[in-house]
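The values are calculated or read from the model by the stated rules, or taken from the named source; none is laboratory data. A quick note: this is a predicted structure, and the numbers were derived from the prediction, not measured. Every residue, glycine as well, gets a Cβ built from its backbone with ideal geometry; the counts of neighbours run over all protein chains shown.
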């Protein structure tokens, strides 16, 4: 097969969710299926940022209309954007639809996102949803028949850990400092837990929706001397933070999947996260699930984790087992199976 993929999002200088997914899929497909030809397509603004590939079965292509006559058999949009049909068969990945379903962005961005999502759904033969929750949203909000939706979860790198290494009294959060991530309630819970020998590390880019108010609340915290705000951290620095942390707290209000939860589990960190549908689907019984709107419950469970090393060990072991069910190779193979189904 000749398969084209929208590689635009893989060139982000600070890769997180969608950029990580794009890179893993682009590289994994080329490595696992050398008999096929892959076209990594970039929109004009990202064309100059593209990187050389080490795979002989990969070529770069500018993603613009019109596509060459000798084009691909199949086109895969990796982030729910299909402005036109560049191939006879089209697949698109939907990561989430919280921009449509809740107030986490400006009205203008919501209108633009909604139009783009509807166009992608219309122009796609099959849709890959990263969780059953996201699949249900695609069906409910965009009216896509379930017969056209396939669930293929994100993945995580499988690690070999030395569990004898000591952990610090650190509660780690990884994600953008924005309203949707529920950072203020996590901060309030950390204050209420009142464990003076613990530290809260907030690792993520500032400046998201509501970011200024979050930064101001952090600066007013009575525990400010126990709170570290790192900004975006490169992958190698993030590895070090996961190695230090004893608790991973991720009380997000809305996720399409929840990649940081799996990453924390793979790194042997006990996880506390919210009971929102996608996070509960991914975490199952390998994490403490709480109502993200109830600060008292969040604080109570955070305190219990701080004071109970046996509980942390139990969750660590369950989390590592859970993470092993989600290797990136599974994502790649199940995505390729969608291609084969459609081409057939």
Among 146, 106, the single one that is in contact with a helix residue (DSSP H, G or I) (Cβ under 6 Å, 6 or more places away or on another chain), loosely packed, with under 15 Cβ neighbours inside 10 Å and closer than 30 Å to residue 280 by Cβ is 146
If you check 286, 278, which single one turns out to be under 21 Å from the mean Cα position of the chain (by Cα), outside any helix (DSSP H, G or I) and in contact (Cβ under 8 Å) with a residue 24 or more places away in the chain?
-> 286
The residue from 334, 255, 263 that alone is in contact (Cβ under 8 Å) with a residue 24 or more places away in the chain and assigned by TED's automatic domain parsing to the domain that holds residue 141 is 334
Across (1) in a helix (DSSP H, G or I); (2) surrounded by fewer than 16 Cβ atoms within 10 Å (Cβ to Cβ), residue 207 clears everything bar (1)
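Would you confirm whether any residue within segment 167-190 is assigned to a helix (DSSP H, G or I), over 25 Å from the mean Cα position of the chain (by Cα) and either under 27 Å from residue 313 (Cα atoms) or touching a residue at least 60 places away in the same chain (Cβ under 8 Å) (or both)?
No: zero hits.
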If you go through 85, 23, 43, 50, the only one that is at pLDDT below 95, at negative phi and touching a strand residue (DSSP E or B) at 6+ places or on another chain (Cβ under 7 Å) is 50
Residues located in segment 1-46, provided they are in contact with a helix residue (DSSP H, G or I) (Cβ under 7 Å, 6 or more places away or on another chain), in a strand (DSSP E or B) and under 29 Å from residue 176 (Cα atoms) | 5, 40, 42
Test: residue in segment 294-306 that is surrounded by 17 or more Cβ atoms within 10 Å (Cβ to Cβ), assigned by TED's automatic domain parsing to the domain that holds residue 197 and part of a loop (DSSP other than H, G, I, E, B) | no
